[in-house]
Amino acid sequence: MAKSNAEWKSTACILCALNCGVKVQLNEGGTQIMRTKGDEDHPASQGYLCNKASRLNFYQNRDDRLHTPMKRNADGGYDAIDWDTAISEIAAKLGAIRDEHGGDKIFYYGGGGQGNHLPGAYASTTLGNLGVRYRSNALAQEKTGEFWVAQRMFGGYNHADFEHAQVIIFLGKNPWQSHGFHRARAEIRDMAKDPNRTLIVIDPKRTETADLADIHLAVKVGRDAWLLAGMVATIIQEGLQDKAFILEHTKGFGAVAKVFGQVDIADCAAKAGIEEAVIRATARTIAGASSVAVFEDLGVQMNRHSTLVSYLQRLTWTLTGNFAKPGTHYTVNGLGKMGSGREGGTSPVSGGRIIDGLVPAHTIPDEILTHHPNRYRAMIIESGNPVHSLPDSPKWREAMRALDCSVVIDIAMTETAQQADYVLPATTQFEKAEATFFNFEFPENYFHVRPPLFAPPEGVLDEAEIHARLAGALSAIPQGLEDELNAALADGGRAAFRDLVFAKLAEDPTLSRIAPVLLYRTLGKTLPPGMQNAAAVWAICHQHAMASRTTVEAAGIAGEGMDLGENLFDAILQGPSAVIMSREDWPDVWQRAPGGVLNFELADLLDAAADLNDENPREANDEYPFLLSAGERRDFTANTIIRNPAWRRKDKQGALYINPEDAARLNLGDGSTAQITTQRGAMQVVVETNDRMQRGHISLPNGLGLVYPDENGEPITTGTSPNELTSAHMADKFVGTPWHKSVPVRIEAVE
Ligand SMILES: Nc1nc2c(c(=O)[nH]1)N[C@H]1C(S)=C(S)[C@@H](COP(=O)(O)OP(=O)(O)OC[C@H]3O[C@@H](n4cnc5c(=O)[nH]c(N)nc54)[C@H](O)[C@@H]3O)O[C@H]1N2
Ligand SMILES: Nc1nc2c(c(=O)[nH]1)N[C@H]1C(S)=C(S)[C@@H](COP(=O)(O)OP(=O)(O)OC[C@H]3O[C@@H](n4cnc5c(=O)[nH]c(N)nc54)[C@H](O)[C@@H]3O)O[C@H]1N2
Ligand code: SF4
Ligand SMILES: [Mo]
């Protein structure tokens, strides 16, 4: 084994959105991550790491790395081409589609993963210039329903103070594996140990988190809406609501009381598979608690009635006053606002509701595979693998091939890249400055910009550089302007530069469309070595300082006028780890609520709740008697960020988990092969019996079924790609989030 280089360098783990602070030692050549430890200086993760971070080198050093642009040939193979050819051909093709059909026929997907977020910023120059109007990313297949509900209730996305809550509820969420808040395993252990705190897990599966819970509500798969409606009805019918809180801080209570006064709790209990007495007792526990914090995730967000569930679960804790005080919920004050939940327009062919500017992700292939004049004709995909990650992979492959032009920007030849006309190789997240964007903490919130660890190999480019070259080929940036800005920087430094930028923007607001690449080309070049890619953060620092001055000052950043944003940028850039960029008090949360009150009355969702007793749910049937959770988080899954199967220390094949009694009835043993069939397709899977699973419920891990070269360079596929089996048409009626956690299936043993 190579010797390690003694210096510990600071970076972040990129395998989930928390981006815990990490310190790494490289080998002597500076090409490999040899050792990893938690970064004690990171104010949020505080030295914590989970099992996955020690194997980050599998992300950085890989046999499937792309080193040159690729162009698809007539045989469906790929030929290496040089950068100049790639950029000029792509610019010509996309420019022609814009000129002939309109830029709104060019779709943009992705823009960031769990730990890289700056590509999306630089892409806005390309998109602004091409006139791209429709875009989406993974959030529009999981979180848009939650964003939309939170926006309408509180005016923005909310998160909770799990660390201090007396009652903690995980709803369709297994944080032992998936995290979602900092130091999750340590925090869950603390919750379990403390006799004054109550940990409640709502999950059909007895998860690792459920093992530590005080109460595990093993709801029937896909039936959370009834469970939660029963809890809300109990609060109303037993008069458990916080009357003073409701009077002082809310509006629309009457409408909620009217609907839930009528809900039949016994019927809800029967449908949810949880006894009425237990539902009532849980509602009383919530009402009696000094603080309650709830985390909903994919178990309900990718399931039936998902948007309604996002609303119902919020009713349980808002009716009982668990908002804007320690141990409860708050709306987020982040840098680079994410999850505003604002509605704006519809997708051009099927009329799907656009939330946060994101088209419902499940509609995309259908809006390509049509003769409708508004169909998408081209697509740019960056830092995303939608052929693998969105419902109905076969239809995605067909849709990609139906486009007039498709461009993928990635580090590897992914399932999506394999369908594209052009594939452009990017630097990894450890070869450029990158940033954390899921900054959801409170009362102190953090932002982390990290420097690169490695020099990029020959042939790959940062996304910023790719977009800058595309902008050049599309003649997007007036040369005079770039020179003028560079001169301002040289003569008057950052203050003169800033004044000029804002003066130019005031003169011509459309300049904001090309601003990110312009910043990269000007300001970026003056940043410390390796940090050019962080130029876009400058703009969001100014936005944040202007919108939220007092919170930035409270975080210890000073500066008159526009100096505040400038100093915030410097503090973030120079910070040895994540930097506190806002500090607030709990009552400040009310300033973000429209009119200073929270709104209970979401009429469309109240109507949906009122219909629940009349609905007879029947997800499984004789033909498809099992319900499959397609895409579970396990010890060694991380979406498709790491493709080498050797990184997985456990569950190497990504087995199908099934209850032992079900398995015995079907003649399936550990390690045997089964065929699973859905309305969409059939796949063979390796079986593992698992007594955590309810009868009738089976699960497959997320992020498997990836192709990777073996020792001889031959491509091998490990595990099952869940979306070969899912359908885009089983989705929430409000925002289109797919029902991946309750896919009806049939299972048969394979001889
Ligand atoms: N190890 C690991 N961690 C990750 C990721 C990863 O790939 N690997 N991905 C990250 C990402 S992008 C996300 S979005 C999060 C997702 O994090 P989670 O949502 O926690 O992950 P899942 O395992 O997909 O689903 C959570 C739980 O939903 C349960 N469930 C299934 N059906 C139902 C149901 O009908 N009702 C209820 N109440 N529960 C149900 C499942 O049994 C499962 O335990 O994880 C993040 N963290
Ligand atoms: N059936 C089912 N489907 C699911 C889920 C499920 O539970 N069940 N979970 C869903 C969820 S919650 C999510 S978030 C999505 C995730 O799905 P996606 O959003 O598609 O994310 P990844 O699969 O992680 O793909 C990220 C891509 O970015 C590339 N990449 C990594 N680093 C860089 C870089 O620095 N630059 C560039 N340009 N590219 C880079 C990786 O190689 C990879 O191809 O999957 C979803 N799909
Ligand atoms: S919780 Fe684990 S996977 Fe997520 S960022 Fe931290 S170390 Fe990485
Ligand atoms: Mo996700």
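Here are the numbers for the structure shown:
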{"item": "Test item: Cα-centred dipole of segment 218-263, Lys/Arg +1 and Asp/Glu -1 on Cβ, debye", "result": "180 debye"}
{"item": "Whole-percent carbon and sulfur share, accessible surface of the chain, 1.4 Å", "result": "48 percent"}
{"item": "Helical contribution to [θ] at 222 nm, DSSP H n ≥ 4, -39,500 (n - 2.57), averaged over the chain, rounded to 500", "result": "-9500 deg cm²/dmol"}
{"item": "Ordering of 585-593, 685-693, 553-561, 151-159 by burial proxy (mean other Cβ atoms within 10 Å per residue, highest first)", "result": "151-159, 685-693, 585-593, 553-561"}
{"item": "Cross-link reach list, lysines versus LYS243, counting only Cα pairs under 25 Å and skipping chain neighbours closer than eight places", "result": "LYS251, LYS258, LYS325"}
{"item": "Value of Rg to Rh for segment 594-751 (Rh from inverse mean 1/r over Cα pairs, i.e. Kirkwood)", "result": "1.07"}
{"item": "Cα centroid of segment 371-446 to Cα centroid of segment 489-514, whole Å", "result": "31 Å"}
{"item": "Cα centroid separation, segment 663-719 to segment 240-281 (Å)", "result": "40 Å"}
{"item": "Burial order of peptide ranges 669-679, 128-138 (average beta-carbon count within 10 Å, highest first)", "result": "128-138, 669-679"}
{"item": "Members of LYS432/LYS504; LYS220/LYS733; LYS9/LYS525 lying beyond 25 Å, as alpha-carbon distances in this model show", "result": "LYS432/LYS504"}
{"item": "log₁₀ of I(q)/I(0) at q = 0.15, 0.18, 0.19, 0.21 Å⁻¹ - segment 1-64, Debye sum with one point per alpha carbon", "result": "-0.44, -0.62, -0.68, -0.81"}
{"item": "Separation between Cα centres of segment 578-653 and segment 67-111, rounded to whole Å", "result": "35 Å"}
{"item": "Reach of LYS143 by Cα under 15 Å, taken over aspartates and glutamates that are not fewer than 8 positions away in the same chain", "result": "GLU296, ASP297, GLU343, ASP356, ASP732"}
{"item": "Relative contact order [Cα under 8 Å, 6+ residues apart], the chain, whole percent", "result": "17 percent"}
{"item": "Assigned charges on the beta-carbon of Lys, Arg, Asp, Glu; segment 469-566 dipole about Cα centre (debye)", "result": "400 debye"}
{"item": "³J(HN,Hα) computed for each position of segment 8-24 - Karplus, 6.51 cos²θ - 1.76 cosθ + 1.60, integer Hz, glycine/proline x", "result": "8, 9, 9, 8, 9, 6, 10, 8, 8, 5, 5, 6, 3, x, 10, 10, 10"}
{"item": "Segment 245-281: GluC sites (Glu not before Pro) in DSSP loop, at most 13 other beta carbons within 10 Å", "result": "GLU275"}
{"item": "Sum of side-chain charges, LEU403 neighbourhood, beta-carbon under 9 Å (Lys, Arg +1; Asp, Glu -1)", "result": "0"}
{"item": "Interchain or long-range residues, amide H under 5 Å from LEU706's placed H", "result": "THR718"}
{"item": "For peptides 537-550, 342-355, sequence by mean Cβ density within 10 Å, most packed first", "result": "537-550, 342-355"}
{"item": "Cα-based shape type of segment 449-587, given that a ≥ b ≥ c are square roots of the gyration tensor eigenvalues and the cut on a/c is 1.5", "result": "oblate"}
{"item": "Which of TYR48, TYR109 is most accessible, then next, and so on - probe 1.4 Å", "result": "TYR48, TYR109"}
{"item": "Vicinal HN-Hα couplings computed from phi for segment 619-635 (Karplus, 6.51 cos²θ - 1.76 cosθ + 1.60; Hz; Gly/Pro x)", "result": "6, 8, 8, 4, 6, 10, x, 9, 10, 9, 8, 8, x, 8, 7, 10, 3"}
{"item": "Summed residue charge, Cβ within 13 Å of ASP607's Cβ, Lys/Arg positive, Asp/Glu negative", "result": "-3"}
{"item": "Check: segment 159-330 dipole with +1 on Lys, Arg Cβ and -1 on Asp, Glu Cβ, in debye", "result": "200 debye"}
{"item": "Size of the chain as Cα extents on the principal axes (Å, biggest first)", "result": "73, 66, 60"}
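The values are calculated or read from the model by the stated rules, or taken from the named source; none is laboratory data. As the structure is a computational prediction, the values presented were derived from the model and not from experiment. Cβ atoms come from the backbone with ideal geometry, glycine included; neighbour counts cover every protein chain shown. The protein model used for the area step is the full one, side chains on, heavy atoms only, and it has no ligands, DNA or RNA in it. Shrake-Rupley method; radii C 1.70, N 1.55, O 1.52, S 1.80 Å.
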